[in-house]
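*Asks:* Please read through the structure below; I'll follow up with questions.
The values are calculated or read from the model by the stated rules, or taken from the named source; none is laboratory data. Only a predicted model underlies this, so the values are computations on that prediction, with no experimental measurement involved. Heads up, the Cβs are rebuilt from the backbone with ideal geometry, glycines too, and the neighbour counts pull from every protein chain shown. Each accessible area value is taken on the protein alone, full model and side chains, heavy atoms only, with ligands, DNA and RNA left out. Shrake-Rupley method; radii C 1.70, N 1.55, O 1.52, S 1.80 Å.
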Amino acid sequence: MVVPARDEQVETICSLIPAGPQEGFAAVELGAGAGVLARAVLERFPACRYIALDGSEVNAYDQPSRLSDQLRWLTDAGFTGAGCFWMRAGHAIFGGFV
């Protein structure tokens, strides 16, 4: 699968992490794929405890939920600062902080 501006996405996510390079924290990535993001985060933050989950089968009929719904779910789950930080060609970087 071709991901538009993958390097830009990875840099955006890494720059949003509110930690110093040697600071310990935990991160969870859902839909980790080949681990491109995990590798970049762990290179920049070697003390990070990174949990990368993947394993769902590709389903041509699976449609992701609307971004507004996903942001509301993050807020309802207790995440602060939930928002969309990058968007291009139907791909978005969004999240929040616990």
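*Asks:* Residue check, V28 against (1) among the hydrophobic types (A, V, I, L, M, F, W, C); (2) more than 21 Å from M87 (Cα to Cα); (3) open to solvent by 90 Å² or more (accessible area, probe 1.4 Å), all met but one. Which one?
*Replies:* Looking at each condition in turn, V28 falls short on (2).
*Asks:* Still on this structure: Looking at the stretch 41-51, can you tell me whether even one residue there is touching a residue at least 12 places away in the same chain (Cβ under 8 Å), of a type in the set (K, R) and under 22 Å from A5 (Cβ atoms)?
*Replies:* Going residue by residue through the stretch 41-51, those that are touching a residue at least 12 places away in the same chain (Cβ under 8 Å) are 41, 44-51.
From what's left, of a type in the set (K, R): 44, 49.
When the remaining residues are screened for being under 22 Å from A5 (Cβ atoms), the result is 44.
Yes: the stretch 41-51 contains one or more residues that are touching a residue at least 12 places away in the same chain (Cβ under 8 Å), of a type in the set (K, R) and under 22 Å from A5 (Cβ atoms).
*Asks:* Let me ask something additional. Please work out which one of (1) on the phi > 0 side of the Ramachandran plot; (2) open to solvent by 40 Å² or more (accessible area, probe 1.4 Å); (3) under 13 Å from the mean Cα position of the chain (by Cα) is the condition G35 fails and give its number.
*Replies:* All conditions pass for G35, except number (2).
*Asks:* When A38 is evaluated against the numbered criteria (1) free of Cβ contacts under 8 Å to residues at least 24 places away in the same chain; (2) out of contact with any Asp or Glu (no Cβ under 7 Å at 6 or more places or on another chain), which criterion, by number, is the only one it fails?
*Replies:* All conditions pass for A38, except number (2).
*Asks:* Another question, if that's okay. Looking at the stretch 62-98 only, could you name the residues that are of a type in the set (S, T, N, Q) and either over 17 Å from V28 (Cα atoms) or surrounded by 12 or more Cβ atoms within 10 Å (Cβ to Cβ) (or both)? Give the derivation first.
*Replies:* So in the stretch 62-98, the residues of a type in the set (S, T, N, Q) come out as 63, 65, 68, 70, 75, 80.
Selection gives Q63, S65, S68, Q70, T75.
*Asks:* Okay, next question. If you scan the stretch 1-35, which residues turn out to be under 14 Å from R88 (Cβ atoms) and without any contact (Cβ under 8 Å) to a residue 60 or more places away in the chain? Step through it out loud before you land on a result.
*Replies:* Quick first cut of the stretch 1-35, residues under 14 Å from R88 (Cβ atoms) only: 2-13.
Hits for the stretch 1-35 are V2, R6, D7, V10, E11.
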